[in-house]
Amino acid sequence: MKASKMIIATLKEAPNEAQISSHILLIRAGMIRKLVAGVYNYLPIGLRTLYKVEKIIREEMDEAGGQEILSSAIQPKELWVESGRWQKYGPELIRFKDRHEREFCLGPTHEEIFTDLVRNEIKSRKSLPLNIYQIQTKYRDELRPRFGLMRSREFIMKDAYSFDLDESGLDVSYHNMYETYKRIFDRFGLNYKIVLADTGAIGGSGSHQFMAISEIGESDIAYCDCGYAADEEKATSLINEYKTTEDELPLEKVHTPDQKTIEEVSSFVKLTPKDIVKSIVYKDLAHNELVMVLVRGDRDVNEIKVVNALDIAEYELVLASYDDILSIGSVEGFVSPIGLNVKTLVDDEVAIMKNFVVGGNESNYHFINANFKRDFTGQVIEVRKVALGDRCPICGKPLKMEKGIEVGQIFKLGTKYSKPMNCVYQDENGELKPIVMGCYGIGVTRTMSSIIEQYHDEHGICWPLNVAPYHVVIVPINYNDETMRTKATELYEKFKTAGVEVVLDDRDERPGFKFKDWELIGIPYIITVGRLAGDNIVEFKERKTMIKKEKSLDEAYETVVDAVRNCR
Ligand code: ATP
Ligand code: MG
């Protein structure tokens, strides 16, 4: 492609709302443009990379035995009612009616559609196992779309679904996808971790997430040298025993004027936050009831564990209001379960702790020497968030923490969709059995951003060769100089013949201006045709290292052709 004919929409600055490198660089490199919050247009150079990301995913999915289909983003309400998710999915689901008042949604994921497809099309158990996938646009009305393609309201996902006769078949299909995902993310050159995950709104019995390691990641990963790794939502830790061996002392109510926060209370009673127990009141919107959750003062609540214990959806758990707390006979800042009749979840660390401080359920008062069982009851579960240094649930060594971007997630669905939707097969005895399913997602556009997060420098993006929008750019210092123009054009034609994706920068601009564009866009090789062109010598720059070398035209050509041939 000749640069003079391309839409090169590079910018010096990105808008203020772009805070992370990938968002800033996608905009600055002229790869995407925002339409409205969380919705983007892909410009030609951006689209080329997007297609390459898709191609790698497609190749590996096909290699793994997947069959590609393409379904609509529009999904009828009836299927979601059948699966029970029309209610449960909540406000992220974009719903609408047609002119006949029939209801639909824009698919945030496609379990219902694929289950429906298989129940209609698959007549014999001999067709199983089956893996069907698509690369398609998804819609989620995210509460806070941000970070460009990382968390958008319209995004591209590769979603695959497996269909097996039984659980052991599912194990094989799941393992197949697990290994396929490793190959995919390896090909992108991503530094990632595979972690145990919660199943969230998709459901099912087991799940892993693939996390691209990054400071700007929205997921916290707890991991250990022994191999344990889990998303913060799913992570557990061994109990950190604290004050478990003391004798129980008599409960006392003490005056703590204006001491509300954990820090205030602990310094007032001359103890540490660890000696206080926090009582946090939530409202369970599904059951319209208040729930108190107790964790040690130095801990945070893992709200996903609360959601799972209550068997509700994430959006159905909200913090209780000031008035809610008054309604159960307590007061904000001084809440505790002592003397209240409210559903209570007690972290297992708190359950074995002796003589702690909790709220007095009265303004300016706290209880000291509180003890579980003697002074109040509740359901004991692990409900705290893991923290750095907590003990690994497998080996007991201190856990480490890291931030990651969830680029993919795989789920063992079991019969969660096939049962209610009657997706069945006839076994050898003529008995109808539900098909056992798995589902497997990759955020295609989020992966593209994650690659940038891991491959950029102060000059711009450093695309790995296999996803770069073009392999190489030829920059003649002066396109009006006949020798330079001729040599550059010959090389350009030669690359094209060899199947190398090449740009010839024939624009009437200063060389420095051109280099800035290509370095920002991140073309892996930049060949400058300058004053030594007549001697068949060019300057060859590798974008990743920014190292420049003089090479003969042939050598420059061979280097690029070899690299392209060897890249998958
Ligand atoms: P998150 O926890 O980040 O909201 P999720 O767990 O809800 O994601 P899944 O339902 O597992 O997402 O979807 C499969 C993949 O789609 C995710 O692993 C992620 O890479 C991608 N994805 C999900 N939501 C978005 C979004 N709003 N924008 C871009 N990609 C997304
Ligand atoms: Mg997920």
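Bear in mind that the values in this text are calculations on the coordinates, not laboratory data. These numbers were taken from a predicted model, which means no experiment stands behind them. When we count neighbours, we look across all protein chains shown, and the Cβ atoms used for this are built from the backbone with ideal geometry, even at glycine.
Here is how the numbers come out for the structure above:
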{"quantity": "Net length gained if the chain between D225 and E59 were fully extended (0.36 nm per residue, minus Cα distance)", "calculated": "56.5 nm"}
{"quantity": "Two-site FRET efficiency, N566 against N536, from Cβ-Cβ distance with R₀ of 30 Å, rounded to 0.05", "calculated": "0.75"}
{"quantity": "Inter-probe distance in nm under a simple model that places probes 7 Å from Cα toward Cβ, at A498 and L35", "calculated": "4.0"}
{"quantity": "Inter-site label distance for A201 and N240 at 7 Å from Cα along Cβ, in nm", "calculated": "3.3"}
{"quantity": "Extended-chain gain in nm, criterion 0.36 nm per residue less alpha-carbon gap, D554 and N480", "calculated": "24.4 nm"}
{"quantity": "Order of I74, I262 - criterion: other Cβ atoms within 10 Å of each residue's Cβ, fewest first", "calculated": "I74, I262"}
{"quantity": "Inter-site label distance for M6 and E101 at 7 Å from Cα along Cβ, in nm", "calculated": "5.5"}
{"quantity": "Three-way shape call for the range 16-152 based on the alpha-carbon gyration tensor, with the a/c threshold at 1.5", "calculated": "oblate"}
{"quantity": "Cross-link pairs K487/K514; K77/K385; K2/K551; K126/K182 - those with Cα-Cα distance over 26 Å", "calculated": "K77/K385; K126/K182"}
{"quantity": "Ellipticity estimate at 222 nm from DSSP helix runs (n ≥ 4, -39,500 (n - 2.57)) divided over the chain, nearest 500", "calculated": "-7500 deg cm²/dmol"}
{"quantity": "Ranked by how many other beta carbons lie within 10 Å on average, peptides 165-172, 98-105 from highest", "calculated": "165-172, 98-105"}
{"quantity": "Global form of the range 69-228, assessed from the alpha-carbon gyration tensor, a/c cut-off 1.5", "calculated": "oblate"}
{"quantity": "Efficiency of FRET from Cβ geometry, E490 and F513, R₀ 22 Å, rounded to 0.05", "calculated": "0.35"}
{"quantity": "Listed residues Q19, S83, P129: farthest to the positive end of the dipole of the chain (Cβ charges)", "calculated": "Q19"}
{"quantity": "Residues of the range 361-379 with amide N under 19 Å of a point placed 7 Å along Cα→Cβ from K260", "calculated": "361-367"}
{"quantity": "Which of I57, I135 has the fewest Cβ neighbours within 10 Å, and the rest in rising order", "calculated": "I135, I57"}
{"quantity": "Sequence-distant aspartates and glutamates (8 or more away, or on other chains) whose Cα lies within less than 14 Å of K12", "calculated": "E458, D517, E519"}
{"quantity": "Relative contact order of the range 119-254, defined on C-alpha pairs under 8 angstrom at six or more residues apart (%)", "calculated": "15"}
{"quantity": "Potential extension, E252-K433 segment - 0.36 nm per residue separation minus Cα distance", "calculated": "59.1 nm"}
{"quantity": "Dipole magnitude (debye, nearest 20) for the range 100-185, charges at Cβ of Lys, Arg, Asp, Glu", "calculated": "400"}
{"quantity": "Cα shape, the range 270-396, gyration tensor, a/c 1.5 rule", "calculated": "oblate"}
{"quantity": "Relative contact order of the chain, pairs being alpha-carbon contacts under 8 Å that are 6 or more residues apart, as %", "calculated": "17"}
